[in-house]
Amino acid sequence: MNFGLTDEQEMIVSTVRSFVENEIYPHEAEVERSGEVPPEVAKAIKQKTIDLGFYACNFPEEVGGAGLNHLEFALVERELGRGSMALNHFFGRPQNILMACEGEQRERYLLPAVRGERMDALAMTEPGAGSDVRGMTCSARRDGGDWVLNGTKHFISGADHADFIIVFVATGEDDTPRGPKKRITTFLVDRGTPGFTIRDGYKSVSHRGYKNCILDFDDCRLSDAQVLGEVDGGFAVMNEWLYATRITVATMSVGRARRCFDYALNYAAERKQFGQQIGKFQGVSFQIADMITEIDAADLLTLNAAWRLDQGLPANREIASAKVYASEMLARVTDATLQIYGGMGLMDDFPIERFWRDARVERIWDGTSEIQRHIISRDLLRPLGA
Ligand SMILES: Cc1cc2nc3c(=O)[nH]c(=O)nc-3n(C[C@H](O)[C@H](O)[C@H](O)COP(=O)(O)OP(=O)(O)OC[C@H]3O[C@@H](n4cnc5c(N)ncnc54)[C@H](O)[C@@H]3O)c2cc1C
């Protein structure tokens, strides 16, 4: 792994950093206050991202993306992590699983998503099936030449703005020596399809304005043309395209931690008690030392995982380590920053309480910390027969 960035990569970092500072930061307080992204702001962020050539930068050039590799994309996400999730959602990065689109699906879903004309969301989780994805009960059955979907998905981020949803449902069950095992198929479902409704989800303390929705399927009829990948091949598309997306949580956690850390550092250098700056007390300065050490460690773990993907090396364990470490690091860094701010840390005059609240979800979504530890330990123990 080369620890230095090329000139081009440095430019990616500085371009996205300025974008976040100029186009995202100024709207954050309003989104926090109202819990909404004003439509004109969403539209402007999207258009400016397109103009900058960064919309769908995670997609290859042959389909109209910017063709960034995993490391470069991680650099983009790290900078975006500094800003509000609700706002940077419009710095569009469609799900890369859309690369599995074939034939007319490319014109109907992939290419419009890359051009910013249609937005996507991804639905796996159900009220009764979170970590245990195979426990899903949302199902599709054959009826004539069609598929008929029934069931409910919840916690679906960005579905409020989505034109279509990538949905994973059960399409059968196999008997295996370890018990019945669901077969999963992925469907592309357009907003407005009869029998499919998107409704408001729950209010979360993390990332105000970045909404989650509940999706209901009630005899929703789809054609074969809406199957993404193979019938019963949902896990294959998931494994091919989705496992790398867990890096996103790690990279964004690093970016947000760096932003938060700057507040801690400056406050420790300015705030005076007992006639001196609080940063001169070892109780504060050692916290600063621990924070930057952990942020750098998380950064290196994350970039290493992205680099391994670019080299075609196995990266499942490394991605899981980066996700669990970076998200837990962010919790410690935001908590320590709040402590350094004392009582003012809890007040919404500063964004510290927001960073602290926002950090909480990072240990839960895209696979909880426990599930990441499961992935890491299975990777190490399975080859030894344990
Ligand atoms: C704000 C938000 C947005 C989200 N967006 C999306 C989205 O866009 N699309 C989508 O599909 N999903 C989304 N999710 C779902 C998210 O991925 C799940 O919340 C997550 O996978 C955990 O599932 P769960 O909440 O049902 O918890 P559960 O799976 O019920 O877990 C509860 C607890 O049990 C632990 N646990 C479960 N199984 C094990 C085990 N085998 N070993 C040890 N501990 C275990 C968990 O770690 C956790 O601590 C979102 C969630 C949130 C909160």
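The values are calculated or read from the model by the stated rules, or taken from the named source; none is laboratory data. Because the structure is a prediction, the values reported are computed rather than measured. A quick note on method: Cβ atoms are made from the backbone with ideal geometry, for glycine too, and the neighbour counts reach across all protein chains shown.
Within the range 119-136, the set of residues being more than 6 Å from the ligand (Cβ to nearest atom), in a loop (DSSP other than H, G, I, E, B) and within 13 Å of residue 154 (Cα to Cα) comprises 127, 128, 136.
Each row is one residue, and each column tells you yes or no for (1) outside any helix (DSSP H, G or I); (2) under 30 Å from residue 95 (Cα atoms).
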site	(1), (2)
314	yes, yes
320	no, yes
341	no, no
349	yes, no
365	yes, yes
372	no, yes
376	no, yes
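Can you tell me which condition residue 330 does not meet? The list is (1) within 16 Å of the ligand (Cβ to nearest atom); (2) more than 19 Å from residue 255 (Cβ to Cβ); (3) surrounded by 17 or more Cβ atoms within 10 Å (Cβ to Cβ), and all the others hold. That leaves (2) as the condition not met. On inspection, residue 253 qualifies as touching a Leu at 6+ places or on another chain (Cβ under 9 Å) and part of a helix (DSSP H, G or I).
So how many residues does the range 101-118 have that are surrounded by 21 or more Cβ atoms within 10 Å (Cβ to Cβ), of a type in the set (A, V, I, L, M, F, W, C) and more than 16 Å from the ligand (Cβ to nearest atom)? Give the derivation first.
Step one: list which residues in the range 101-118 are surrounded by 21 or more Cβ atoms within 10 Å (Cβ to Cβ), which gives 109-110, 113-114.
Cutting the leftovers down to of a type in the set (A, V, I, L, M, F, W, C) gives us 110, 113-114.
Subset that is more than 16 Å from the ligand (Cβ to nearest atom): 110, 114.
Matching residues across the range 101-118 total 2.
Among the listed residues 186, 193, identify the single one that is more than 30 Å from residue 316 (Cβ to Cβ) and touching a Leu at 6+ places or on another chain (Cβ under 8 Å). Answer to the check: 193. Please determine whether any residue of the range 300-307 is modelled with pLDDT of 95 or more, under 25 Å from residue 73 (Cβ atoms), in contact with a Ser or Thr (Cβ under 7 Å, 6 or more places away or on another chain) and not in a helix (DSSP H, G or I). Checked the range 300-307: no residue is modelled with pLDDT of 95 or more, under 25 Å from residue 73 (Cβ atoms), in contact with a Ser or Thr (Cβ under 7 Å, 6 or more places away or on another chain) and not in a helix (DSSP H, G or I).
Filtering the range 194-242 to residues that are assigned to a strand (DSSP E or B), surrounded by 14 or more Cβ atoms within 10 Å (Cβ to Cβ) and of a type in the set (Lys, Arg) leaves only 221.
The set of residues in the range 362-386 being surrounded by 14 or more Cβ atoms within 10 Å (Cβ to Cβ) and either away from the ligand (no atom under 12 Å from the Cβ) or within 15 Å of residue 32 (Cβ to Cβ) (or both) consists of 376, 379.
Going through 59, 19 one at a time, which residue ends up being modelled with pLDDT of 95 or more, part of a helix (DSSP H, G or I) and within 26 Å of residue 300 (Cα to Cα)? Let's see the steps before the verdict.
Details: 59 fails: part of a helix (DSSP H, G or I).
The match here is 19.
Scanning the range 214-270 for residues that are without any contact (Cβ under 8 Å) to a residue 60 or more places away in the chain, out of contact with any Asp or Glu (no Cβ under 8 Å at 6 or more places or on another chain) and either closer than 30 Å to residue 147 by Cβ or basic (Lys, Arg) (or both) gives 230, 233, 235, 239.
Please verify whether residue 271 is surrounded by 15 or more Cβ atoms within 10 Å (Cβ to Cβ) and under 19 Å from residue 292 (Cα atoms), treating the condition exactly as stated.
On the way: surrounded by 15 or more Cβ atoms within 10 Å (Cβ to Cβ): yes; under 19 Å from residue 292 (Cα atoms): no.
Answer is no for this residue.
Of everything in the range 289-303, what is surrounded by fewer than 19 Cβ atoms within 10 Å (Cβ to Cβ) and in contact with a helix residue (DSSP H, G or I) (Cβ under 8 Å, 6 or more places away or on another chain)? Give them in sequence order.
Our first condition is that a residue be surrounded by fewer than 19 Cβ atoms within 10 Å (Cβ to Cβ); within the range 289-303, this holds for 289-290, 292-293, 296-297, 300.
Residues satisfying the conditions are 290, 292, 297.
Yes or no: the range 74-81 includes at least one residue that is more than 19 Å from the chain's Cα centre (by Cα) and either on the phi < 0 side of the Ramachandran plot or surrounded by fewer than 23 Cβ atoms within 10 Å (Cβ to Cβ) (or both). First the steps, then the outcome.
Going through the range 74-81, the residues more than 19 Å from the chain's Cα centre (by Cα) turn out to be none.
Checked the range 74-81: no residue is more than 19 Å from the chain's Cα centre (by Cα) and either on the phi < 0 side of the Ramachandran plot or surrounded by fewer than 23 Cβ atoms within 10 Å (Cβ to Cβ) (or both).
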